[in-house]
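The values are calculated or read from the model by the stated rules, or taken from the named source; none is laboratory data. On a predicted model such as this, the values are computed, not experimentally measured, just so you know. Neighbour counts run over all protein chains shown; Cβ positions are idealised from the backbone, glycine included.
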Amino acid sequence: MSTRVFFSQVTLLLVVAVVGAVAVVWQERDRTDDDARERTTAVAVVLAKTPSTATALRSPDPTALLLPVTDAVAEASGMDFIVVMRPDRTRYTHSDRSRIGGEFTGTVDRALRGETFTEVFTGTLGPSIRAVTPVYDENGTLVGLVSAGVTRARLADQVRRVVPVVVSVVLIGLAVAVGVSLLIERRLRRQTLGLTPDELRALYEHHDAVLHALAEGMIVFDAESRDGPAAVVNDEARRLLSLPAGPIMRSDLPVSLRGDDDLADEVHISGSRVLVANRQPVEVGSRRLGTVLTLRDRTELQEMLGELDAVRSLANALSAQAHEHANRMHSVVTMIELGRRDDAVNFATQQLTSSQGIVDQLSSAADPAVTALLVAKIADAAAAGVEVTVAEGADLVGGPITPSESLTAVGNLVDNAVDAAGSGGWVEVDGGISEGAWSLRVLDSGPGMSDAEFTRACGRGYSTKFADDRDHGRGLGLALLSQLARRRGGTLTVHRNPSTVELILPLGSEGD
């Protein structure tokens with residue numbers, strides 16, 4: 001493509017150069033003609049108004065008096081001929097002596113009427129530009145005519161002397177223009193990678209189709225315009241981040257995505273979505289062209305992972321319960337074999353009453369799925385040396401929250417609290433309806449979080465794959481709950497002394 005453009009430019013420059021040169025030569029010809037008209041008129045008028053001219057015309061031998069004067073004036077002024085004649089066209093002077101006494105061949109009618117005029121006429125010396133003017137004596141009587149002229153041949157010589165200069169300037173300008181075009185062609189070839197216009201169009205169409213069809217969001221920022229606008233923003237990126245139509249600046253992105261550092265499968269919260277973000281530089285050789293940010297929607301997957309985590313916790317708890325039950329049954333059988341039947345009955349009854357009490361309390365306070373989850377969490381916490389209890393009178397059944405959301409909320413808050421409390425600590429789950437809102441409160445004996453830590457944990461999620469996530473140990477839990485609170489018009493708050501995280505949802509904000 002760049003070669004084609006180069007040759008097109010050179011062809012255009014040649015055409016422009018030729019047309020320009022012709023125009024300059026033509027203009028020079030017109031200028032020379034205008035100058036000739038002015039000079040011939042001036043010479044003819046000066047001679048006609050010179051008193052000696054009228055005097056010579058009345059003398060017995062006008063030629064003898066006038067010819068030396070006209071020859072001198074013609075040589076000095078560059079005229080090819082100066083003719084002084086009688087009103088009847090009879091010549092007294094001429095550069096060709098053989099023409100003296102003959103009849104002037106040009107137009108004289110207007111001069112006889114007192115006008116001074118110029119014309120282009122083919123006379124005895126060939127085509128010429130001539131001026132004709134009347135000669136009057138001191139009494140105002142017309143006594144003759146004066147004609148001064150320059151041949152076309154002389155004027156052509158003047159124009160030809162200009163042609164080499166014009167051609168030289170045109171050639172220099174053409175050489176400079178071709179050199180600049182060559183530089184432009186090389187630059188264009190580098191920028192287009194040697195692709196033809198058809199290839200570029202096809203590449204753009206494919207590029208545009210792929211961007212619209214991508215299931216991932218993509219945002220590209222150029223290195224030259226780091227803060228925007230973005231060079232590329234596809235439809236999925238606008239949907240995932242709820243971006244407006246039109247140019248997108250870096251400031252339009254969520255705060256956690258505005259940086260320029262590399263990201264690898266980092267989880268971010270944006271509005272009601274859980275997103276996995278990757279950001280990598282685009283480089284050609286050692287030159288950085290910009291950065292590419294890709295986004296994958298992980299919202300539904302995260303909800304499924306939350307439910308799977310609850311089921312996994314329940315399965316672990318059941319496995320632990322089965323193991324404990326086997327131990328207890330072994331103890332009962334051993335007591336019976338030792339003949340201590342009453343002790344065996346009392347031990348079995350006590351264990352059954354304790355387990356049934358926990359189940360009965362939770363069954364009245366929560367959804368069956370949440371009850372199973374709490375039983376599993378209580379068992380897991382007990383194995384870690386943490387006591388988990390449900391407050392007397394807690395109501396985890398009502399309210400606007402769905403069973404799936406309840407699993408996510410209870411599971412994450414209890415896990416966070418158990419981690420914060422540590423071995424020997426305690427965790428309490430409470431909740432219910434009060435003053436037109438439903439709340440879920442989880443208290444623990446841990447140190448709690450500062451406002452800055454809480455804001456950070458709610459503002460974006462952290463995958464436990466990263467060291468930063470292991471330090472905080474809270475993963476996506478608080479971010480998901482904060483997202484739920486915003487979606488339902490509620491609040492998620494944290495307090496200290498004791499450490500408490502509370503989710504409040506207004507009644508009537510049930511999900512679809």
**OP:** Could you please find all residues in segment 369-404 being of a type in the set (A, V, I, L, M), touching a strand residue (DSSP E or B) at 6+ places or on another chain (Cβ under 7 Å) and surrounded by fewer than 20 Cβ atoms within 10 Å (Cβ to Cβ)?
**Re:** ALA391
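Looking at VAL267, VAL233, VAL274, VAL284, which one is more than 17 Å from the chain's Cα centre (by Cα) and without any contact (Cβ under 8 Å) to a residue 24 or more places away in the chain? Steps first, please.
Numbers: VAL267 fails: without any contact (Cβ under 8 Å) to a residue 24 or more places away in the chain; VAL233 fails: more than 17 Å from the chain's Cα centre (by Cα); VAL274 fails: without any contact (Cβ under 8 Å) to a residue 24 or more places away in the chain.
Only one candidate passes the filter, namely VAL284.
Counting only residues that are in contact with an Asp or Glu (Cβ under 8 Å, 6 or more places away or on another chain) and closer than 30 Å to VAL15 by Cα, give me the helices (runs of 4 or more DSSP H) lying completely in segment 150-267 with at least 1 of them.
Details: elements: 152-192, 197-213, 235-241.
Counting at least 1 such residues, we get 152-192.
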Original post:
Can you name the number of the only condition in (1) in a strand (DSSP E or B); (2) touching a residue at least 40 places away in the same chain (Cβ under 8 Å) that ARG279 fails?
Top reply: (2)
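Table: residues versus (1) at pLDDT 80 or above; (2) buried (at least 17 other Cβ atoms within 10 Å of the Cβ); (3) aromatic (Phe, Trp, Tyr); (4) closer than 23 Å to THR389 by Cα.
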site: ARG460; (1), (2), (3), (4): no, yes, no, no
site: LEU476; (1), (2), (3), (4): no, yes, no, no
site: ALA479; (1), (2), (3), (4): no, yes, no, no
site: THR491; (1), (2), (3), (4): yes, no, no, no
site: LEU505; (1), (2), (3), (4): yes, yes, no, yes
**OP:** Among the residues of segment 434-458, write down those that are touching a strand residue (DSSP E or B) at 6+ places or on another chain (Cβ under 6 Å), modelled with pLDDT of 85 or more and not in a strand (DSSP E or B).
**Re:** SER445, GLY446
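When you scan segment 71-91, how many residues do you find that are over 15 Å from LEU142 (Cβ atoms), in a loop (DSSP other than H, G, I, E, B) and not acidic (Asp, Glu)?
Narrowing segment 71-91 to residues over 15 Å from LEU142 (Cβ atoms): 71-83, 91.
When the remaining residues are screened for being in a loop (DSSP other than H, G, I, E, B), the result is 78-80.
From what is left, the residues that are not acidic (Asp, Glu) are 78-79.
Result for segment 71-91: 2.
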Original post:
For segment 215-237, how many residues meet the condition of being surrounded by 14 or more Cβ atoms within 10 Å (Cβ to Cβ) and polar (S, T, N, Q)?
Top reply: 1
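In the set THR122, THR107, which member is under 23 Å from ASP34 (Cβ atoms) and either in a loop (DSSP other than H, G, I, E, B) or not assigned by TED's automatic domain parsing to the domain that holds GLY149 (or both)? Let's see the steps before the verdict.
On the way: THR122 fails: either in a loop (DSSP other than H, G, I, E, B) or not assigned by TED's automatic domain parsing to the domain that holds GLY149 (or both).
Only one candidate passes the filter, namely THR107.
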Original post:
In segment 364-392, how many are within 25 Å of GLY425 (Cα to Cα) and either part of a helix (DSSP H, G or I) or modelled with pLDDT under 75 (or both)?
Top reply: 16
Original post:
Under 7 Å by Cβ, and 6 or more places apart or on different chains, what pairs join a residue from segment 480-500 that is of a type outside the set (S, T, N, Q) with one that is exposed (fewer than 14 other Cβ atoms within 10 Å of the Cβ)?
Top reply: ARG487/SER272
**OP:** Can you confirm whether segment 23-37 contains a residue that is farther than 27 Å from VAL169 by Cβ and touching a helix residue (DSSP H, G or I) at 6+ places or on another chain (Cβ under 6 Å)?
**Re:** no
Original post:
What is the one condition in (1) over 30 Å from VAL73 (Cβ atoms); (2) surrounded by 18 or more Cβ atoms within 10 Å (Cβ to Cβ) that ARG190 does not satisfy?
Top reply: (2)
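Sort out which residues of segment 250-281 are surrounded by fewer than 15 Cβ atoms within 10 Å (Cβ to Cβ) and either closer than 22 Å to GLU224 by Cα or of a type in the set (Phe, Trp, Tyr) (or both), and write them in order of number.
Of segment 250-281, the ones surrounded by fewer than 15 Cβ atoms within 10 Å (Cβ to Cβ) are 251, 255, 258-262, 264-265, 271-272, 280-281.
The answer is SER251, VAL255, ARG258, GLY259, ASP260, ASP261, ASP262, GLN280, PRO281.
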Original post:
Name the pairs: first residue in segment 105-119 and among the charged types (D, E, K, R), second residue crowded, with 17+ Cβ neighbours inside 10 Å and in a loop (DSSP other than H, G, I, E, B), Cβ to Cβ under 8 Å, at least 6 apart or on different chains?
Top reply: GLU119/GLY106
**OP:** Report whether or not GLY102 is within 18 Å of LYS49 (Cβ to Cβ), surrounded by fewer than 20 Cβ atoms within 10 Å (Cβ to Cβ) and free of Cβ contacts under 8 Å to residues at least 24 places away in the same chain.
**Re:** no
